[in-house]
Amino acid sequence: MAHGFLLVAALVALIAVPCLLAVAIFADIAIDQTGQSIRRGWSRWRSRREAAKLERRAGIKPEHRGLLRHPSTPEVAPTGPPFEQVAADLRRLARQRADVANRSPVWFAAVHRAYDERLRIACRELEIDEHLSELEGIDLEIERLRVEGLLEAAGLNLAVVDTDGRQDTR
């Protein structure tokens, strides 16, 4: 009886641990996104409230109110390479990362640095939090996987296509 209970408990633990690990890894993403949306909503509410105060103080008639509530946002010039180029570089570097086993350690490090830099650029353009420059070792590998997942969820296809036409859907 005790042996059977121990076996069932071990199987439940074996199934539950990966699920708990996934929840622990992705909980920070959900918390960050919720916090960002709350901050954006709070900021919009404050700006509308301040605009209404300015309109009342300026003596603007009620029928003309609301003109200050939609300020035009100046267009920001892109600071980096075109996003299509970043995506192409990420796919090329991912292919090189897969083939780097037969190369020197210097080549290995250079490809990984270039790949991480392009991941940072893509994250900056899509406003995704990343911590690639702060980590190393297995933590850096886990962060790469997390960032790749977020980029793919945002619509950036990182699948590697071999020269023979096969697609690697990591």
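Bear in mind that the values in this text are calculations on the coordinates, not laboratory data. What you see is a predicted model; the values in this text were computed from it and never measured. Note that we place each Cβ from the backbone using ideal geometry, even for glycine, and neighbour counts take in every protein chain shown.
Brief remarks follow.
- Backbone HN-Hα couplings from phi across segment 83-90 [Karplus 6.51/-1.76/1.60, Hz, Gly and Pro as x]: 5, 4, 5, 4, 5, 5, 4, 4
- Peptides 107-117, 87-97 ordered by average Cβ neighbours within 10 Å, highest first: 87-97, 107-117
- Contour excess over end-to-end distance, with Cα ends at ARG46 and LEU126 and 0.36 nm allotted per residue: 26.3 nm
- R0 of 35 Å, Cβ-Cβ distance ALA58-ILE38: FRET efficiency to nearest 0.05: 0.70
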